[in-house]
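Worksheet: one structure, shown below.
The values are calculated or read from the model by the stated rules, or taken from the named source; none is laboratory data. This one's a predicted model, so the numbers in the text were calculated from it and none came from an experiment. As a convention, Cβ positions derive from the backbone with ideal geometry for all residues, glycine included, and neighbour counts pool all protein chains shown. Just so you know, the surface numbers come from the protein's heavy atoms only, side chains and all, with ligands and any DNA or RNA stripped out. Shrake-Rupley method; radii C 1.70, N 1.55, O 1.52, S 1.80 Å.
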Amino acid sequence: MMGDPHLLQMVEEGLRNTVDKEFTAQMSESLSSRETSFLINEEPSFQKNEQSKDSIFFRDGVRQIDFVLSYVDDIKKETDIKADSEDGKTYFVKIHAPWEVLATYAEVLGIKMPIKESDIPQSKYTPFSYMFGPVKLSPTVKYSHPEYFTAQFSRHRQELFLIEDEATFFPSAARNRIVYYILSRCPFGIEEGKKKFGIERLLNSNTYSSAYPLHDGQYWKPSDNRLNERYTLYQNWARFSYFYKEQPLDLIKNYYGEKIGIYFVFLGFYTEMLFFAAVVGLACFIYGLLSMENNQSSIEICDPNIGGQIIMCPLCDEVCDYWRLNTTCLASKFSHLFDNESTVFFAIFMGIWVTLFLEFWKQRQARLEYEWDLVDFEEEQQQLQLRPEFEAMCKHKKMNPVTKEMEPFMPLYARIPWYFLSGATVTLWMALVISSMVAVIVYRLSVFATFASFMESEASLKQVKSIFTPQLATSLTGSCLNFMVILMLNFFYEKISAWITKMEIPRTHQEYESSLTLKMFLFQFVNFYSSCFYVAFFKGKFVGYPGKYTYLFNVWRSEECDPGGCLIELTAQLTIIMIGRQVFGNINEAIYPLVFNWWRRRRSRSNSEKLYSRWEQDHDLETFGSLGLFYEYLETVIQFGFVTLFVASFPLAPLLALINNLVEIRVDAWKLTTQYRRPVAAKAHSIGVWQDILFAMAVLSVATNAFIVAFTSDIIPRLVYFYAYSQNSNQPLSGYVNNSLSIFLIADFPNRTVPSEKRDFTTCRYRDYRNPPDHEYKYAHNMQFWHVLAAKMTFIIVMEHIVFLVKFLLAWMIPDVPKDVVERIKREKLMTVKILHDFELKKLKENLGLNPDEFAKHVMIEENKVNLAKSTI
């Protein structure tokens, strides 16, 4: 442990005393109030009924409660100690950190504090500010504090810092971060000659039931005689009526800490960038809507003299009948909404958009590091601290090369069995996802014939058959079933993955989070996207042809795409999963803590006459948890995959994501501000490993969208016909539908597949490029098939090279750190060095007194330091 030895000894003794549940008679007087402060004497007596129930201070009204520990004790003891809670069983230990402790550990943690108001001007006013006026917050809310030049706090240079009031100099987030740092390092016992320490270990062993900092006060009303930042956040951030407003990011950072703050910065920036993608996607959708009636393929399919005369082969064996192409008239029009000329443009646009998003996010992150004093940030030591579970399971010791102390060590051979178990479990669950997807496919194959025969026999359904076709009915019910399976598998896997990661016994909290991130993302990637990959790249690609169809398990005939292609089915699948997940997620995030908090308050408040104190109110709230942000990032990254990986099939995906995120920001803000205990403030300078995942998905999205346009949509076959096979110069796409359908002789059907009734036609049509029955190589792929395949492969190569070239050019042209931020950082470093130099010079002059020669010598040394700093900057 670092810091003043005497101070830490007192702190450790204080914590050790509070840990012992077997209170002694000598301690009863000091523990009866359960109000503990580091290095502060006992409080004077104060009447309970004179204390406000929203107070975050001790009864003297001076000392602020920085942290609260609670524990439950059912045993009736022969002491004067009484539980100060509604249920009579919960005891609260209130902790206050005085100035000496805050100053000591602010220096230990390297917390930067203001030394002078910044002379760097704010961003210049632009003409567009009038446009964005309605979405702007009040300057007093957006900029709650002036900009300052800052330096790492030092107890020996206190006169250098702008300390107006010691009680308010350190913000509440910094105070609870310091107290948690102390609590996480205070020893409370000795085991095998090794000190046991840390509040997390006490929480894991149920010695304490909870540990949390207090909210500022009630969120629905301001506090008396002091600033209530929780109320300000609720009024300007957590209300749904403010969905169109910008977020008070500095206030969020000051209240919740940088780690939570940067999540909301990322979510807000991502939402802003989605606006541009949503506008372009909506324009592409409107183009498809306006050109739907003029689409040549739909015109031919709907024409009774063309589509009405084309007899299509049965879609399933025996039960399904022959059908006329014009029955898919409406489906072909809907397909054109998403499968038109703008699809290629939008796929290329999104490849460029995702690059701009990630590059501009780098810039936003760099600007944030400067604004929030994270330029010289080092990893939080809490993240690198050994986990209590790791210490408890380790039986070996090893010298730490950095600290030169013996610490717990687990050899590789002890971990290998758990790694194998972990890998096998993840693989098993991924296989389970694939199996569930195959089960859904079997469902679709088995019920398709049922839907087809039922709709054919029911006269009442013949009116809606043109809209609600057997293909559409099967696709929608299969997608809904698949979505429910996804939710169930996801629920169980979350529990399994947390247990597996715990069994791996990661050494530090950072290793634990990285391991859990890998497992959860891999599983959710397969779980949410596998069905979309199936429809996009496998369905209808390996069906064979009439008389020689391929069969799943030699029982069910492989699924075919609609004559207009599988893109409309991919769109339906994507829409159901994406919208369903977002709606379910937001409802779950809002309802779950609301119901549990209501039930907990209802149970605890058995005596309405007793004081329901601030710490009890917060105790009855839900816990955000150390993995709270992990699930928020995971949810956003999965949505990012829907927006980028399959966006060529659904240009409205960015619009749906935009609407969801506007709601998501307010739901997250509302639950953090009103339904959750205040999390312990923590620092972070980036979104961490999620940024690497986003980059990987951005690269993958280029390939997936290129393959969707080439193999799932109908654009490439139309272009090949347009340039190579069309014989009508006035209407080049005229005759395309007939050209895309091959001919099959009904007599060539095997007996077990042909419908039982006799027909007065001898041939039927199917979607493929194959030779006719009278050809020398009948039913073999014709030359047009190879031309179309070559065109598809060429398009993929060309599109990928174009998008990747633009991506690399943009990444090269856009600097990671904006020029003005670089200049501001240099200016602040220079001014900080100058202020420190002047301060040291002044102290030196005072110390040296009237010795001019010695003073001149030291002045020269200090000036050389300043010049050296300027040259390096």
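Among the residues of the range 527-559, which ones are under 22 Å from residue 746 (Cβ atoms), hydroxyl-bearing (Ser, Thr, Tyr) and out of contact with any strand residue (DSSP E or B) (no Cβ under 9 Å at 6 or more places or on another chain)? Within the range 527-559, none qualify. Number of residues in the range 59-83 that are at pLDDT 60 or above, farther than 21 Å from residue 623 by Cα and over 35 Å from the mean Cα position of the chain (by Cα) equals 6. Can you tell me which residues in the range 210-242 are open to solvent by less than 50 Å² (accessible area, probe 1.4 Å) and without any contact (Cβ under 8 Å) to a residue 24 or more places away in the chain? Matches in the range 210-242: 228, 235. Does residue 702 satisfy being in contact (Cβ under 8 Å) with a residue 60 or more places away in the chain, within 26 Å of residue 351 (Cα to Cα), within 45 Å of the chain's Cα centre (by Cα) and open to solvent by less than 40 Å² (accessible area, probe 1.4 Å)? So residue 702 fits the description; yes.
Could you grab me the full set of residues in the range 636-667 that are of a type in the set (A, V, I, L, M, F, W, C), out of contact with any Leu (no Cβ under 9 Å at 6 or more places or on another chain) and either open to solvent by 10 Å² or more (accessible area, probe 1.4 Å) or at positive phi (or both)? Of everything in the range 636-667, those that are of a type in the set (A, V, I, L, M, F, W, C), out of contact with any Leu (no Cβ under 9 Å at 6 or more places or on another chain) and either open to solvent by 10 Å² or more (accessible area, probe 1.4 Å) or at positive phi (or both) turn out to be 656, 659, 662, 663. Residue check: residue 778 meets all listed conditions (1) in a helix (DSSP H, G or I); (2) over 18 Å from residue 700 (Cα atoms) but one, namely (1). Only a single item in (1) polar (S, T, N, Q); (2) in contact with a Leu (Cβ under 8 Å, 6 or more places away or on another chain); (3) open to solvent by 20 Å² or more (accessible area, probe 1.4 Å); (4) within 21 Å of residue 790 (Cα to Cα) is not met by residue 763, and it is number (4). Scanning the range 541-595 for residues being closer than 30 Å to residue 670 by Cβ and either acidic (Asp, Glu) or in a loop (DSSP other than H, G, I, E, B) (or both) gives a total of 1.
I need a count of the residues in the range 156-172 that are without any contact (Cβ under 8 Å) to a residue 40 or more places away in the chain and in a loop (DSSP other than H, G, I, E, B). Full working, then the answer.
Step one: filter the range 156-172 for residues without any contact (Cβ under 8 Å) to a residue 40 or more places away in the chain, giving 156, 163-165, 168.
The next check asks that each one be in a loop (DSSP other than H, G, I, E, B); those that pass are 163-165.
Final tally of qualifying residues: 3.
Residue 308 falls short on exactly one of the conditions (1) over 24 Å from residue 448 (Cβ atoms); (2) small (Gly, Ala, Ser); (3) surrounded by fewer than 20 Cβ atoms within 10 Å (Cβ to Cβ), and that condition is (1). Comparison of 522, 552 shows that the only residue that is modelled with pLDDT under 85 and open to solvent by 30 Å² or more (accessible area, probe 1.4 Å) is 552.
For every residue, the table says whether it meets (1) of a type in the set (A, V, I, L, M); (2) at pLDDT below 95; (3) surrounded by fewer than 17 Cβ atoms within 10 Å (Cβ to Cβ); (4) more than 30 Å from residue 136 (Cβ to Cβ).
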| site | (1), (2), (3), (4) |
| --- | --- |
| 244 | no, yes, yes, no |
| 248 | no, yes, no, no |
| 259 | no, yes, no, no |
| 278 | yes, no, no, no |
| 298 | no, yes, no, yes |
| 303 | no, yes, yes, yes |
| 318 | no, yes, yes, yes |
| 321 | no, yes, yes, yes |
| 325 | yes, yes, no, yes |
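Kindly establish whether residue 172 is over 30 Å from residue 134 (Cα atoms), among the polar types (S, T, N, Q), open to solvent by less than 70 Å² (accessible area, probe 1.4 Å) and out of contact with any Gly (no Cβ under 8 Å at 6 or more places or on another chain). Write out each step before concluding.
Values: over 30 Å from residue 134 (Cα atoms): yes; among the polar types (S, T, N, Q): yes; open to solvent by less than 70 Å² (accessible area, probe 1.4 Å): yes; out of contact with any Gly (no Cβ under 8 Å at 6 or more places or on another chain): yes.
It is true that residue 172 is over 30 Å from residue 134 (Cα atoms), among the polar types (S, T, N, Q), open to solvent by less than 70 Å² (accessible area, probe 1.4 Å) and out of contact with any Gly (no Cβ under 8 Å at 6 or more places or on another chain).
Residues that are part of a helix (DSSP H, G or I), within 31 Å of the chain's Cα centre (by Cα) and surrounded by fewer than 13 Cβ atoms within 10 Å (Cβ to Cβ) occur in the range 786-807; there is at least one.
Return yes or no: is residue 745 touching a Pro at 6+ places or on another chain (Cβ under 9 Å) and open to solvent by less than 30 Å² (accessible area, probe 1.4 Å)? Judged against the criteria, residue 745 is not a match.
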